[in-house]
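The block underneath contains the structure these notes are about, expressed in structure tokens.
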Amino acid sequence: MKATKKRVLSGIQPSGRLHLGNYFGMIKRMVEYQESSDLFCFIANLHSLTSVTDGKALKKLTLEAAMDLLALGMDPKKSVFWVQSDVPEVAELTWVLACITPMGLMERAHSYKDKVAKGILPNLGLFNYPALMAADILIYQSELVPVGKDQKQHVEMTRDMAFKFNSVFGETFTIPEPDIAEEVATVPGTDGQKMSKSYNNTIPIFGTDAEIKKAVMGIVTDSTPVEACKDPSTCNVFKLYGLFASKKETDELAGKYKAGGMGYGNAKKMLLEKIMAEFKPFREKREYLEAHPAEVEKALEFGAGRARKIAHSTMEKVRAATGLKY
Ligand code: ADP
Ligand code: TRP
């Protein structure tokens, strides 16, 4: 008997230029999931609407995110890949879930509280963000939700909402599990802090050659002279090199650090070569898609059709169970 594959779902907000942290922390995992699971992956533009108020900008960010992900290996034939707002049923389910969710549960959301503490003037959409995320997960009957640690509580809230709905209205939703990859180390930025677009320390995947070179050559290193022995374990260049190189290559570079006589500039050049070689096919594909936007739109339309079919069938059950279908 053929084992059925697990339904895995994740959303990615379209938020600008992707960097090495996004790739190793999330996108590579998604691309790998396509092989082993029934993957659903979407661009969370409704979530972005809580903070982006420029229509042209949101449209551009959404199409760019689609091109980025397709270039990096998302394959619309192997996974269901679409834009969140193309399935308006999720907005309907968000309302239904909001009506069974106690205020207390929503008020405990760390992500919301953190944003408010940072001085953001919250809108109702931001407060309701976890209910929209729950609708995304539940409407597709997802079993596993790979997210970063910061999103774990949102998946737990989703479980609470699903239990509540099932107990009030009858079994309707699959209860999802969060999938937090503890082993995915935080990718360091050029200054050694976590690589993040908010810290201006990123190495962009789809930057120009000159931008990538400038970022790599600008990685902060200590002032150990060329002749001296160096400690690879504390060096940002070495940590990044390890993401691309084989075990043998990594050991070789570690040997050179420890032996002395090699400057950090050399290690940076080796890292730059690795980055360029690994991302070359992705960068070429990205250029191709940019020149053929109709292919991107076609892929998204195909994905939206598949996603919508499932969302529609779940909503039929929800409408029947809640009495909205009269
Ligand atoms: P940023 O910190 O640049 O704003 P996001 O929060 O938009 O990045 O990140 C999207 C996803 O990419 C996160 O959920 C996380 O899984 C992954 N990610 C981002 N930065 C890193 C990093 N430095 N190391 C590992 N994963 C990361
Ligand atoms: N909130 C997630 C983030 O910012 C994106 C997201 C939206 C998501 N809906 C989702 C992730 C559903 C997983 C499942 O990273």
Residues located in segment 118-171, provided they are among the aliphatic types (A, V, I, L, M) and either touching a strand residue (DSSP E or B) at 6+ places or on another chain (Cβ under 9 Å) or at pLDDT below 95 (or both): Ile120, Leu121, Met133, Ile137, Leu144, Val145, Val147, Val155
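So if I check each of Leu126, Leu132, Leu58, Leu138, which one is away from ligand 2 (no atom under 12 Å from the Cβ), assigned to a helix (DSSP H, G or I) and open to solvent by less than 30 Å² (accessible area, probe 1.4 Å)? Can you show your working first?
Numbers: Leu126 fails: away from ligand 2 (no atom under 12 Å from the Cβ); Leu132 fails: away from ligand 2 (no atom under 12 Å from the Cβ); Leu138 fails: away from ligand 2 (no atom under 12 Å from the Cβ).
After applying the criteria, what remains is Leu58.
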Residues being within 10 Å of ligand 1 (Cβ to nearest atom), open to solvent by less than 40 Å² (accessible area, probe 1.4 Å) and either hydroxyl-bearing (Ser, Thr, Tyr) or touching a Leu at 6+ places or on another chain (Cβ under 7 Å) (or both) - total across segment 172-187: 1
Of the criteria (1) under 22 Å from Met270 (Cα atoms); (2) within 16 Å of ligand 1 (Cβ to nearest atom), which one Thr208 fails: (2)
The listed residue being within 16 Å of ligand 1 (Cβ to nearest atom) and more than 20 Å from Gly305 (Cα to Cα), out of Gly55, Gly11, Gly21: Gly21
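Out of Lys298, Lys325, report the one residue that is touching a helix residue (DSSP H, G or I) at 6+ places or on another chain (Cβ under 9 Å), over 18 Å from Leu18 (Cβ atoms) and open to solvent by 50 Å² or more (accessible area, probe 1.4 Å). Outline the logic, then answer.
Numbers: Lys298 fails: touching a helix residue (DSSP H, G or I) at 6+ places or on another chain (Cβ under 9 Å).
Unique residue meeting the criteria: Lys325.
Kindly indicate whether Phe173 is of a type outside the set (Ser, Thr, Tyr) and either in a helix (DSSP H, G or I) or over 20 Å from Gln84 (Cα atoms) (or both).
Working: of a type outside the set (Ser, Thr, Tyr): yes; either in a helix (DSSP H, G or I) or over 20 Å from Gln84 (Cα atoms) (or both): no.
So Phe173 does not fit the description; no.
Tell me, which residue of segment 1-55 that is acidic (Asp, Glu) and in contact with a Lys or Arg (Cβ under 8 Å, 6 or more places away or on another chain) is farthest from ligand 2 (Cβ to nearest atom)? Can you show your working first?
Here is the first cut: in segment 1-55, the ones acidic (Asp, Glu) are 32, 35, 38, 54.
Imposing the further condition that a residue be in contact with a Lys or Arg (Cβ under 8 Å, 6 or more places away or on another chain) reduces the set to 35, 38.
Numbers: Glu35: 20, Asp38: 15 Å.
Residue satisfying both the conditions and the ranking: Glu35.
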Residue list for segment 72-90, filter: open to solvent by less than 10 Å² (accessible area, probe 1.4 Å) and closer than 21 Å to Arg319 by Cα: Gln84, Val87, Val90
Test result for Leu93, away from ligand 1 (no atom under 16 Å from the Cβ), assigned to a helix (DSSP H, G or I), of a type in the set (A, V, I, L, M, F, W, C) and open to solvent by 10 Å² or more (accessible area, probe 1.4 Å): no
Residue that is nearest to ligand 1 (Cβ to nearest atom), among those in segment 96-123 that are part of a helix (DSSP H, G or I) and of a type in the set (Gly, Ala, Ser): Ser111
Output for segment 270-295, where each listed residue is surrounded by 13 or more Cβ atoms within 10 Å (Cβ to Cβ) and of a type in the set (Lys, Arg): Lys274, Arg283, Lys285, Arg286
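Among the candidates Thr250, Thr208, Thr221, single out the residue that is loosely packed, with under 14 Cβ neighbours inside 10 Å, closer than 22 Å to Asp191 by Cα and either at pLDDT below 95 or of a type in the set (S, T, N, Q) (or both). It would help to see each step written out before you state the result.
Numbers: Thr250 fails: loosely packed, with under 14 Cβ neighbours inside 10 Å; Thr221 fails: loosely packed, with under 14 Cβ neighbours inside 10 Å.
Testing whether each residue is loosely packed, with under 14 Cβ neighbours inside 10 Å, closer than 22 Å to Asp191 by Cα and either at pLDDT below 95 or of a type in the set (S, T, N, Q) (or both) leaves just Thr208.
The values are calculated or read from the model by the stated rules, or taken from the named source; none is laboratory data. Note that the coordinates shown come from a computational prediction; the quantities given were computed from them, not determined experimentally. As a convention, Cβ positions derive from the backbone with ideal geometry for all residues, glycine included, and neighbour counts pool all protein chains shown. Protein only, heavy atoms only, side chains kept; ligands, DNA and RNA dropped before computing areas. Shrake-Rupley method; radii C 1.70, N 1.55, O 1.52, S 1.80 Å.
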